[in-house]
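**Student:** First, the structure itself, so that you have it in front of you.
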Amino acid sequence: MRWWDIAPVLDLERELFPEDAWSAGMFWSELAHARGPAANRRYLVAELDGRLVGYGGLAAVDGTGDIQTIATARDQWGSGLGARLLTELLSAATAFECAEVLLEVRVDNTRAQRLYERFGFEPIGFRRGYYQPGNVDALVMRRTTESPSETPSESPDHTPSSPSPAQGTRTHG
């Protein structure tokens with residue numbers, strides 16, 4: 001993700017998370033930590049036919065990664081794009097030498113929870129009223145370096161014999 005991606009990211013952010021969307025300032029702040037010798041963030045976007053269709057971000061501090069955000073356009077749900085973005089973020093966590101990766105997910109977002117479970121994330125607690133202003137709880141999930149990682153053949157969204165509909169989607173950071 002680069003500065004010029006912020007406007008389309010914000011459009012998708014507001015569409016998907018109207019009550020608790022991140023601000024431009026939040027993305028600018030995260031990107032400020034994504035470059036240079038002391039970088040401890042990795043943010044990426046996915047584009048399809050010139051349109052931004054997904055994004056994600058990871059922060060890494062003292063051996064712990066935290067998936068800050070991950071989202072895909074609704075027309076990409078079920079295409080495997082979310083799994084590809086998550087794979088890239090977990091690769092970044094490995095590069096940052098993280099022993100564990102944490103994330104928060106809305107308790108009512110079972111689709112995302114299933115994705116994270118396929119990647120070896122396990123529930124470890126709740127954050128009451130985490131998502132505001134809707135006062136929705138967050139499920140906290142963790143994946144350790146010992147957790148299994150998904151391979152494309154294990155994914156219900158992608159099999160080697162049938163290419164994903166979003167196969168032409170590219171990600172870049």
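Laboratory data are not the source of any read-out in this text; all were calculated from the coordinates shown. No experiment lies behind these values; they were computed from the predicted model shown. No Cβ is skipped: glycine too gets one built from the backbone with ideal geometry, and neighbour counts run over all protein chains shown.
**Student:** Toward the positive end of the charge dipole of segment 1-137, about the Cα centre and with charges on Cβ (Lys, Arg +1; Asp, Glu -1), which of Thr110, His33, Thr87 goes farthest?
**Tutor:** Thr87
**Student:** When you count, for each residue, the other Cβ atoms within 10 Å and take the mean per peptide, how do 110-116, 71-77, 13-19, 55-61 rank with the highest first?
**Tutor:** Result, highest mean Cβ count within 10 Å first: 55-61, 71-77, 110-116, 13-19.
**Student:** Measuring from centroid to centroid over Cα atoms, what is the spacing of segment 12-26 and segment 81-125 in Å?
**Tutor:** Rounded to whole Å, the Cα centres lie 20 Å apart.
**Student:** So which chymotrypsin sites (Phe, Trp or Tyr not before Pro) in segment 6-47 pass both tests, a DSSP loop state and at most 16 other Cβ atoms within 10 Å of the Cβ?
**Tutor:** When the chymotrypsin sites (Phe, Trp or Tyr not before Pro) of segment 6-47 are filtered for loop state and at most 16 Cβ neighbours within 10 Å, nothing remains.
**Student:** Between the DSSP loop rule and a limit of at most 13 other Cβ atoms within 10 Å, which GluC sites (Glu not before Pro) in segment 67-141 are left?
**Tutor:** Of the GluC sites (Glu not before Pro), the ones in loops of segment 67-141 whose Cβ has at most 13 other Cβ atoms within 10 Å are Glu97.
**Student:** What list of ³J(HN,Hα) couplings, whole Hz, do you get for segment 108-119 from phi and the Karplus terms 6.51, -1.76, 1.60, once you set θ to phi - 60° and write x for glycine and proline?
**Tutor:** 8, 9, 5, 4, 5, 4, 5, 4, 5, 5, 4, 8
**Student:** For a Förster distance of 41 Å, can you work out the FRET efficiency between the beta-carbons of Arg114 and Ala38, rounded to the nearest 0.05?
**Tutor:** 0.70
**Student:** Turning to a different aspect of this structure: For labels at Ala24 and Thr145 in the simple 7 Å Cα→Cβ model, what's the distance in nm?
**Tutor:** Taking the simple label geometry, Ala24 and Thr145 are separated by 4.1 nm.
**Student:** Kindly give Rg over Rh for segment 26-70, based on alpha-carbon atoms, with the Kirkwood expression for the hydrodynamic radius.
**Tutor:** Here Rg/Rh amounts to 1.03.
**Student:** Another question about this same structure. Report the gain in length on full extension from Ala99 to Leu16: 0.36 nm times residue separation, minus Cα-Cα distance, nm rounded to one decimal.
**Tutor:** Using 0.36 nm per residue and subtracting the Cα-Cα distance, I get 26.8 nm.
**Student:** Compute the semi-axes of the equivalent ellipsoid of segment 23-100, taking the square root of 5 times each eigenvalue of the Cα gyration tensor, and list them largest first in whole Å.
**Tutor:** Output for segment 23-100: semi-axes of 22, 15, 10 Å.
**Student:** Please give the contour-minus-distance gain from Ser91 to Gln132: 0.36 nm per residue of separation, less the Cα-Cα distance, rounded to one decimal in nm.
**Tutor:** Gain on stretching Ser91 to Gln132: 11.8 nm.
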